[in-house]
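Notes follow the structure.
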Amino acid sequence: MALTRPDLSGQTAFITGTTRGIGKAIALALAEQGCNIVSTGKTSEEDDDANGRDLEGTIEQTAREARDRGVDALPIQVNVREEREVEAAAERAIEEFGEVNIVINNASAIQIANVEDLPANRFDLLTDVNVRGTHLTSRAFLEHLKDVEDSWLLTNAPPVTVDRAPGEAPYAWSKLGMTFLTLSLASELGNHDVGCNAFWPVTAIDTRATRYFGLGTEDDWRTPDIVADTVLEILSRDPAEYTGNAVYDEELLREAGLEDFSEYNLTEGDPAPMSAQMFDPEFTRSA
């Protein structure tokens, strides 16, 4: 069964971390549906040391690919840890497009290690990018989103189901903190019809980080498109009604009528629920 695609014509999405991977896939999927894109991240062709380097992905490249899909796109270099940069980026996006309808907290740092082996500076990176970055980006748009009809604030983070994560506690708490902020905002903005939700893949996703940290093999991975389709499914709903949820991609897409997930797999077979079990060891797929 084909998924229903929302018509996002004339809307604008501000997405953090769009240079590659999941963030880029989301940006281009929204562009396919007519949504203007604010492409943000740290890697830019404008960097002083960019000339002569083989950049794997930039905010400008994603913006160009979005424009190729017939929408307007604005690349903004921003470090989500820096309050002034985030606020300036939000102001520029609103000034450029008039209104921003969708804000997606996607940028994240990852470091899989136990408490003893993770130095303070790496812990700070997880905290600053994941939790602080989500807080700053969300906060920069809150007043604006309250005034925009049918607006969304979405976060790439897992459901909160556990109270410990041995072997990966620092990373887990930072990602769960992103969810906690988002679901709390659903309550805080309850009178303003802003749909605040978190989304997370059941399987590991084929990204540079997944390969760098050796999180399984291609048999365990799916493409970022499954996450992008999950975001589109969320955006097809009514933000006044669909808010305060933390969902797994498979479960939401299955609820929407999708039965065959093989198009997202890198190899034949059924990838293990590695990403879900990272935060919930007892996770099992629903029948």
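The values are calculated or read from the model by the stated rules, or taken from the named source; none is laboratory data. None of these values were measured; they are calculated from a predicted model. All Cβ positions, even for glycine, are placed from backbone atoms using ideal geometry, and neighbour counts span all protein chains on display.
Summary table
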{"quantity": "Residues of segment 80-112 classified as touching a strand residue (DSSP E or B) at 6+ places or on another chain (Cβ under 9 Å), of a type in the set (S, T, N, Q) and surrounded by fewer than 23 Cβ atoms within 10 Å (Cβ to Cβ), total", "calculated": "1"}
{"quantity": "Residue in segment 254-263 that is buried (at least 22 other Cβ atoms within 10 Å of the Cβ) and either at pLDDT 95 or above or within 21 Å of Leu3 (Cβ to Cβ) (or both) present", "calculated": "no"}
{"quantity": "Conditions (1) more than 23 Å from Gly10 (Cβ to Cβ); (2) at pLDDT 95 or above; (3) surrounded by fewer than 18 Cβ atoms within 10 Å (Cβ to Cβ); number of the one not met by Glu143", "calculated": "(1)"}
{"quantity": "Scan of segment 197-239 for residues that are modelled with pLDDT under 95, aliphatic (A, V, I, L, M) and within 30 Å of Gln11 (Cβ to Cβ), ordered by number", "calculated": "Ala209"}
{"quantity": "Selection status of Arg139, more than 18 Å from Val100 (Cβ to Cβ) and either of a type in the set (D, E, K, R) or assigned to a strand (DSSP E or B) (or both)", "calculated": "no"}
{"quantity": "Some residue of segment 11-27 being surrounded by fewer than 18 Cβ atoms within 10 Å (Cβ to Cβ) and of a type outside the set (S, T, N, Q)", "calculated": "no"}
{"quantity": "Selection within segment 29-45 - touching a residue at least 40 places away in the same chain (Cβ under 8 Å) and crowded, with 20+ Cβ neighbours inside 10 Å", "calculated": "Ala29, Leu30, Ala31, Cys35, Asn36, Val38, Thr40, Gly41"}
{"quantity": "Filtered residue count, segment 235-251, keeping only those that are within 15 Å of the chain's Cα centre (by Cα) and surrounded by fewer than 22 Cβ atoms within 10 Å (Cβ to Cβ)", "calculated": "3"}
{"quantity": "Residue check for Thr137: among the β-branched types (Val, Ile, Thr), within 18 Å of Pro239 (Cβ to Cβ), touching a residue at least 40 places away in the same chain (Cβ under 8 Å) and surrounded by 17 or more Cβ atoms within 10 Å (Cβ to Cβ)", "calculated": "yes"}
